[in-house]
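Each remark here refers to the structure printed beneath this line.
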Amino acid sequence: MLNSILFAITITLMYSAPLVFAALGGVISEKSGVTNIGIEGMMSIGAFVGASVGYYTGNAWSGLICAGLSGGVLALLHAIASVTFQADQTVSGIAINLIGSGLSMFLSRLFFNGATTTLPVPQKLPKIFGFLGEKYDFINCINLDITVLLSLLAVMFTWFVMYKTKWGLRIRALGEHPAAVDSVGVSVYRARYICVILSGILAGIGGASVTLAIISQFTPTAISGQGFIALAAVIFGKWKPMGAYCACLFFGFAQALVIMLGGGNNAIPTDILAMLPYVMTIIVLMLFVGRSSAPKAAGKPYKKGSR
Amino acid sequence: MVEISKKYAVQMRGITKSFGTFKVLDDVELDVKKGTIHAILGENGAGKSTLMNILYGLYSSDSGEIYLNGKLQFLKNTAVAIKSGIGMVHQHFMLVDKFTVIQNIVLGNETTGRFGIIKTRESREKVKEIIDRYGLNVDLNRKVRDLSVGQQQRVEILKALYRGADLLILDEPTAVLTPMEIEDLIRIMGSLVADGKTIIIITHKLKEIKKSAQECTIIRRGKFIDRVKVEDETEKTLAKKMVGREIKLKVDKTPFNPGEEVFSIKNLHVRCCRGIETVKGLSLSIRRGEILGLAGIEGNGQKELIEALLCARHVDSGEIRINGEEIQNTSPGNVLKCGVSAIHADRHKYGIVLDFSVAENAILEKYRDKPYCERGFLNYKERDKFTNKLISEYDIRPKDCKDLLIRELSGGNQQKLVIGREIANEPELLIAVQPTRGLDVGAIEYVHKTLINLRDKNKAILLISLELDEIMDLSDTIAVMYDGAINGVFKSGEADENDIGFLMAGGQENEQCC
Ligand SMILES: Nc1ncnc2c1ncn2[C@@H]1O[C@H](COP(=O)(O)OP(=O)(O)OP(=O)(O)O)[C@@H](O)[C@H]1O
Ligand SMILES: [Mg+2]
């Protein structure tokens, strides 16, 4: 009994880690006033780059870093479109999603002999008690992916920056009233660029923590909706790092349920079961979307001197 | 033209600025002596805000020079302007309303320890010192959205002073204030200049200019007209210089000749959004050809009353009748259909859609009706015809603005469009709430004339204003609202300012005030 509870917790944490990174990215971007629905695409490219760099270098860490960078580059495109050229942020985000998944598939075919699946990485990211080996049964049960720990650290770090530092104060103001930030002599454009790129880096890392920790390679379905679930978590978590974290745990639990209930000779077909996380996302969105308070200026391009 | 000298806090020369093909400022100059209050006067859309935004580094001018304390400066952005000691309180406040006062004040200029951690203690002390020095009382821990407009303005002033501003630009600071708050502001401005600061104030209220400023620069349609000493001028001469023609500051009225009653309120009870009853058994009636002025200090239930009249708020009990028909608790659309039109105090919230064009805003209430709509299709030709009619009739500037976003018009011109649109409805009853807020004297004269004309066409008008002068000038009957009910009704001329002020403060009519 204890073991199966621990198992449930472990799986929940494992599946929520990628969501947490991505949702944090969403929080940062939205707080600065830029809607980023391109998270899914940024996760895809991160998942692919992470897995393939991990495969070629044999080092999962360099895979993770490159994944972050690739997400950042994609985010830069989003920033250019939505901050500099004041394009519609939803349209730009959709474009980013298409580019992200298309590009990662295309590159996969290019580098892996026409396969849309990369070869498995020689070594995944370590587990937190990995150094103890696999001797103890109990430890194996609570031996979490390092990404779980990293994601929690990222949450705390983001919370700290957001609510304790001057940069956080400015970011939060940006999403509420960019003209106010501009009028006190802080560049709205630069700050938004930084936030959007950061959100891409986090999303990229989130993608790679699927392909470098949960599974060990990139597959076309490795990223299938996690980016959108993460966005739902941003809303469910009221645009707060801690809130988003809890929401991600909830969605992670939904994914864990799929796995736990899916095994054995169950009455519920697995195909129906697999819908669970998505159905839960929709339900949560229906219940919460109107009621929680989004940053006022999110999604609106800022034009200097307009009124 | 005066020489460039250290005695002047600001000197601007040959400032020119165009938005697209439209020249907003044309070779404008400005000289502001150090340690004085300098007023800028000009019609709506004359370019006052634009000129100040250039000085504050928000816009860049197409040509021209700016000298601060006798030295040529290039204010390429607000950061530079702030560093040069310029602070600005904008016409629309630049405050984050989810933040506390202190957060708003330090934003962009935070005192921090290691890792960029904000330390509010030092900033707090600094702000407190400023508060004490100039009497700018405000609670630093409250959220801005919980503050009154007057308090929010203080936060803006504090923000500028906290950044070390020596020159303070106030863009129409009094348009949104109650008379008492205005008194306060003038006192604060006095203590600021006494301390060596310089203030530039934009206002349409000539009385305030007379009361506070030493000098005044007049701009008309983007051109510099004159710089005058305020003490040499009267309100009348100032108005004339500004508009370029004689202005009647007080309107002529034909004799009062009321018809039968069209509108009545009986024993109305309404609660505000927090569930507290703020309209407490109010009764009122208006006849054809009558302007009823409702005087009162803000917060005595006016807001809820207006919302209830327009069916934007639930009425607990009582009745509202127009032409005998009960309209309470129906729908805003029904109210409109029954012939009630309204000019709202907060036009951005209720009157217009900022991101629609002028023409679209012009038919906002009529888009479903012929001739603007035929079998479900909008008729642009009719719409534009109607818009152009409003533009020429109400002198909305610029002339060819029908396809511009209304956001790009100056505040005064937005208001003119709203007023024109509502009056074009030919309502049985027009509810005018602060109809001249933010308007220049020329436009005020026009609006007042329009209201009187409407009255002479045998329509009823309910005028709700915080400005007693306006109520006294226009109304045939004056009702005083206090604590959610009517605290006295007069015929025009029966009572003077003191009597009304006494009732506004809650005094009883038969009580003697001495
Ligand atoms: N960002 C902008 N884009 C286009 N036109 C603008 C812009 N800002 C101002 N204008 C135009 O410039 C003119 C001057 O505007 P400004 O706000 O300076 O007027 P103002 O003198 O402050 O008037 P008010 O008393 O009504 O506030 C107006 O006609 C306005 O339509
Ligand atoms: Mg203005």
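The values are calculated or read from the model by the stated rules, or taken from the named source; none is laboratory data. Since this is a predicted model, take the numbers as computed values, not measurements. Here the Cβ positions follow ideal geometry from the backbone for every residue, glycine too, while neighbour counts run over all protein chains shown.
Taking the stretch B:401-421 as the range and being outside any helix (DSSP H, G or I) and either buried (at least 24 other Cβ atoms within 10 Å of the Cβ) or within 9 Å of ligand 1 (Cβ to nearest atom) (or both) as the test, the residues that pass are B:C401, B:L404, B:L405, B:L409, B:S410. Checking each residue in the stretch B:388-416 for being away from ligand 2 (no atom under 16 Å from the Cβ) and out of contact with any strand residue (DSSP E or B) (no Cβ under 9 Å at 6 or more places or on another chain) picks out B:N388, B:K389, B:L390, B:I391, B:S392, B:E393, B:Y394, B:D395, B:K399. Mind checking which helices (runs of 4 or more DSSP H) fall wholly inside the stretch A:169-284 and carry at least 1 residues that are buried (at least 24 other Cβ atoms within 10 Å of the Cβ)? Where helices (runs of 4 or more DSSP H) fall fully within the stretch A:169-284 and carry at least 1 residues being buried (at least 24 other Cβ atoms within 10 Å of the Cβ), they are A:178-183, A:188-209, A:226-236, A:241-262. Out of the residues in the stretch B:164-183 that are assigned to a loop (DSSP other than H, G, I, E, B) and over 21 Å from B:I297 (Cα atoms), which is farthest from ligand 2 (Cβ to nearest atom)? Residue satisfying both the conditions and the ranking: B:G164.
Which members of the stretch B:130-150 meet the condition of being out of contact with any Lys or Arg (no Cβ under 6 Å at 6 or more places or on another chain) and closer than 14 Å to B:L192 by Cβ? Correct list: B:I130, B:I131, B:D132, B:R133, B:Y134, B:G135. Scanning the stretch B:106-127 for residues that are in a helix (DSSP H, G or I) and either modelled with pLDDT under 90 or more than 10 Å from every other protein chain (Cβ to nearest Cβ) (or both) yields B:R114, B:F115, B:G116, B:T120, B:R121, B:E122, B:S123, B:R124, B:E125, B:K126, B:V127. What do you reckon, is B:G47 more than 10 Å from chain A (Cβ to nearest Cβ), at positive phi and surrounded by fewer than 23 Cβ atoms within 10 Å (Cβ to Cβ)? Taking the combined requirement at face value, the residue does not satisfy it. Scanning the stretch A:180-238 for residues being aliphatic (A, V, I, L, M) and within 14 Å of another protein chain (Cβ to nearest Cβ) gives a total of 7. When B:I209, B:I200, B:I186 are checked against the criterion of being part of a helix (DSSP H, G or I), more than 14 Å from chain A (Cβ to nearest Cβ), among the β-branched types (V, I, T) and within 16 Å of ligand 2 (Cβ to nearest atom), B:I209 stands alone in meeting it. Scanning the stretch B:65-79 for residues being within 14 Å of chain A (Cβ to nearest Cβ) and either farther than 19 Å from B:T50 by Cβ or surrounded by fewer than 15 Cβ atoms within 10 Å (Cβ to Cβ) (or both) gives a total of 2.
If the condition is being away from ligand 2 (no atom under 14 Å from the Cβ) and closer than 25 Å to B:V441 by Cα, then the stretch B:19-66 contributes B:F22, B:K23, B:D26, B:D27, B:V28, B:E29, B:L30, B:D31, B:V32, B:T36, B:I37, B:H38. Residues that are away from ligand 1 (no atom under 12 Å from the Cβ) and either without any contact (Cβ under 8 Å) to a residue 60 or more places away in the chain or of a type in the set (A, V, I, L, M, F, W, C) (or both) within the stretch B:56-65 comprise B:G57, B:S60, B:S61, B:D62, B:S63, B:G64, B:E65, listed in sequence order. Specify the residue that is surrounded by the most Cβ atoms within 10 Å (Cβ to Cβ); the eligible residues are those in the stretch B:275-306 that are more than 23 Å from B:L451 (Cα to Cα) and out of contact with any strand residue (DSSP E or B) (no Cβ under 7 Å at 6 or more places or on another chain). Restricting to residues being more than 23 Å from B:L451 (Cα to Cα) and out of contact with any strand residue (DSSP E or B) (no Cβ under 7 Å at 6 or more places or on another chain), the top hit is B:G299. Would you check if B:R145 is more than 14 Å from chain A (Cβ to nearest Cβ), more than 16 Å from ligand 1 (Cβ to nearest atom) and surrounded by fewer than 17 Cβ atoms within 10 Å (Cβ to Cβ)? Spelling it out, it is not the case that B:R145 is more than 14 Å from chain A (Cβ to nearest Cβ), more than 16 Å from ligand 1 (Cβ to nearest atom) and surrounded by fewer than 17 Cβ atoms within 10 Å (Cβ to Cβ).
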